[in-house]
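What follows is one structure encoded as structure tokens, with my remarks underneath.
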Amino acid sequence: MQKKILNNEQRQSTDSQDILKHKIKIIVPICRAFHSMDDFSVLNSRCLGFQNEYIKGSFIIRYFKEYKNEILNGFFSLQDFMNHSFWYGSTIKYQYLEFSFNIENIDEMILKGNENLSENERKSLFLRGAVDLCEDEYKMFVFAFFLAFPVSTGFENGIILVDDKIYSHTDKFINSFDFEGKETIDFQKCWNYLHDSSKFKFGYSQNNASRFVSILSKMNEIDDIITQIFYATMALEAVYARGTSEGIARQIIDKVKIFLNIEIDDKKLKQLYDIRSRYIHGDTDIELAFLNFDAVPGREWDKLYALHFYVSEILYKTAKRIIEEDIAKIDFDYTLKITM
């Protein structure tokens, strides 16, 4: 029998079709220490579509109060013990989200520069790329969820399954925003905003409104409160300030009043920038990167957290208007009107 020889284009097409046949799932333990889990049940059975420069598809979300799988429950039980037993005992009970991915199309560009690999190596690389892209969409879900429901929530280390076999693990994400009983943002609008190519291309913001949202994502994933405050001032300036450092505070006060119809406490704003200035110029003590203490002697934690909460509310109100009104760019004009 004559062996069929495929050219590169045919091989890539075959690789792509093979990948589409795989079943990719992500299963994640979720928890809240003191708040309701109702937000998750709202998303149960929701199908979310996605499309970016490399992949197109969708996933279905399933919400479980218990996940009945012997192998996974063994892993998750260990995670429960490792993450919370020491601090909280049995006060925190995990529930679970399952994401079942359906890939409709994937760009063969992820194989670029690896054309000389063997067939098995190519398929392995292509599968790794597909899993990474699905995991990126899971991370987009997490951030969209944090924007929509700003209550302290933990997405713990989860499991990625390929064809019902454990493939790898996900990262851990904790929401630092906590505004129980305050405003929320429509989840679908958050999802749509993050997937709008006119606002984000290859994951990069395209204007000051989407830049603001990108900075919020960085602020949220940082544990250190000093760094969070640094990102908070960066986010404020992305939308509310222009030009040199002169007059930054005045711009923020004036423009927040116009955009959100609220007043800023200029004393708190000054305190915020004093902390930022000391941080940038190396005049603030910072713990080692691999340590994470809840308190450090001599530091004014109550003041820091009060400032963090205050500025976070302003940022969240800004995000709410940007996303719900689908704003691409924000400009402010100062005009001089003289009446004789």
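Details
- More than 28 angstrom apart: percent of Cα pairs within the range 126-285: 32
- Net +/- balance of residues flanking K25 in space, Cβ distance below 12 Å, scoring K and R +1, D and E -1: -1
- D107 versus M234: modelled label distance in nm, points set 7 Å from Cα along the beta carbon direction: 2.5
- Here the simple spin-label model places points 7 Å from the Cα toward Cβ, and for S118 and A289 these points are separated by 3.7 nm.
- Label zone of E53 (point 7 Å out along Cα→Cβ, amide N under 20 Å): in the range 208-227 this covers 208-215, 217-218.
- Label-zone membership for the range 193-211, site I258, 7 angstrom Cα→C-beta point, backbone N under 18 Å: 208-210
- Approximate spin-label separation E313-Y167, in nm, with each point projected 7 Å along Cα-to-Cβ: 4.4
- What separates the Cα centres of the range 45-66 and the range 222-279 is a distance of 36 Å.
- Pairs over the 19 Å Cα-Cα cut-off, from the set K182/K270; K21/K56; K268/K303; K65/K218; K23/K123: K182/K270; K65/K218.
We did not get these values from a lab; they are worked out from the coordinates using the rules stated. These figures come from a predicted structure and were not determined experimentally. Don't worry about glycine lacking a Cβ; one is built from the backbone with ideal geometry, like all the others, and counts go over all protein chains shown.
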